[in-house]
Amino acid sequence: MRSAITISLTPQARSGPFVFHDGLAEGCRVASEFGFDAVEIFPPAANAIDEADLQGLLDRHSLKVAAVGTGAGWLIHKWSLTSADAAVRQRARDFIRAIIDVAAAFGAPAIIGSMQGKIEGDVTREQALAWLGEGLEELGDYAASHGQPLLYEFLNRYETNLFNRVAPTVKFLKGLKTRGIKVLADLFHMNIEETDLAAAVRAGRDWIGHVHFADSNRQAIGLGHTPIEPIVAALREIGYAGYLSAEIFPLPDALAAARQTIESFHRSTKL
Ligand code: LER
Ligand code: MN
């Protein structure tokens, strides 16, 4: 397993669960000083990432891109794959496609988290799932054509009513034709929704493609009450070799959160 830490480039996400908020150069510099393998980026849009600039930073600091988030499409524009408005669903797909392009240029996947949206108003669950499925079919195949998975993240009940746990998510994805989707398991959401996090990880065997490494309170692992050892053991048991990426609040401050994360990463992955 490899370590990653989040950099948000989105001013509207200043109070969000991202460790670094002061630009790519500063985030990459500090990430490499702590010995992280990679950074996960949360841009306001695909064109906020200057590819030459980012490549230079990655080379200089021996970092990779773990993943690129699309959540700003929801945060800034309120676009989602399950909006009742077809034009909004199309804008959501276009926004995500552009992020798939830029992520793939760095050998990384894009993440669909908040852009899945939620079931609202008169929309039935059946209809919302049909729209979600359509979006994922198209975007999953598009990501696959770039040699990358597309990461679909189930969220806790306060953020979506589509999927909140691993097992129903996997069941839904198995019903799609595209084989381009992998599941993002965010330990913060799972702590709220799952009965047993290690068992939930085992239920995600063959599907988990990325992990958000967050404690129960969305702080660095070790600062909340999630016992991480059985979770990492379960990830090892299912053969997970991807990133443990710290999508957490910069608490008590960014440097302390980064230090706590990398220490927890080393301690839990070497057991
Ligand atoms: C995104 O990775 C996520 O976990 C959501 O909670 C977005 O806020
Ligand atoms: Mn997450």
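The values are calculated or read from the model by the stated rules, or taken from the named source; none is laboratory data. It should be emphasised that the depicted structure is a prediction, and the values quoted were computed from it without experimental measurement. In this analysis, Cβ positions are derived from the backbone assuming ideal geometry, glycine residues included, and neighbour counts consider all displayed protein chains. Keep in mind that these areas ignore ligands, DNA and RNA; they rest on the heavy atoms of the full protein, side chains included. Shrake-Rupley method; radii C 1.70, N 1.55, O 1.52, S 1.80 Å.
Quick rundown of the values:
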quantity	calculated
Those aspartates and glutamates that a straight Cα-Cα span of less than 20 Å connects to K270, excepting residues fewer than 8 apart in one chain	D37, D215, E229, E237
For A246, residues with placed amide H under 5 Å, excluding near neighbours	A4, I5, T6, F213
Residue-by-residue Karplus 3J(HN,Hα) for segment 102-119, coefficients 6.51, -1.76, 1.60, Hz, glycine and proline x	5, 4, 5, 4, 10, x, 10, x, 9, 10, 9, x, 5, 6, 5, x, 8, 7
Potential lengthening between M1 and T124 on full extension [0.36 nm per residue; Cα-Cα distance subtracted]	40.3 nm
Loop-located trypsin sites (Lys or Arg not before Pro) in segment 163-200 whose Cβ has at most 10 other Cβ within 10 Å (DSSP)	K177
Structure-based [θ]222 nm, the chain - -39500 (n - 2.57) summed over DSSP H runs of at least 4, per residue, nearest 500	-13500 deg cm²/dmol
Under the Karplus curve 6.51 cos²θ - 1.76 cosθ + 1.60, θ = phi - 60°, whole-Hz ³J(HN,Hα) for segment 266-271, x wherever Gly or Pro sits	5, 5, 7, 8, 9, 5
Extension gain from A86 to E26, taking 0.36 nm per residue of separation minus the Cα-Cα distance	17.7 nm
Positive-end residue of S245, G224, N161, charge dipole of segment 2-269 with Cβ unit charges	N161
Count of lysine pairs in segment 2-269 with Cα separation under 28 Å (8 or more residues apart, or interchain)	12
Net dipole in debye of segment 79-152 [+1 Lys, Arg Cβ; -1 Asp, Glu Cβ; about Cα centre; nearest 20]	180 debye
Cα gyration tensor shape for segment 1-132, rounded if a/c is under 1.5, else prolate or oblate	prolate
Accessible surface of segment 2-269, 1.4 Å probe, proportion on carbon and sulfur as whole %	50 percent
Per-residue ³J(HN,Hα) for segment 152-163, Karplus 6.51 cos²θ - 1.76 cosθ + 1.60, θ = phi - 60°, Hz, x for Gly and Pro	9, 10, 6, 10, 6, 4, 7, 10, 8, 10, 7, 9
Paramagnetic label zone (point 7 Å from Cα along Cα-to-C-beta, A241; backbone N under 20 Å) in segment 41-72	63-67
Inter-centroid distance (Cα atoms) of segment 116-169 relative to segment 1-29, Å	25 Å
Radius of gyration and maximum dimension Dmax of the chain, Cα, Å	17.2, 52
Cα gyration tensor of segment 1-70 - equivalent ellipsoid semi-axes, whole Å, descending	17, 14, 11
Å² of accessible area per residue within the chain, as computed with a 1.4 Å probe and no ligands counted	41 Å²
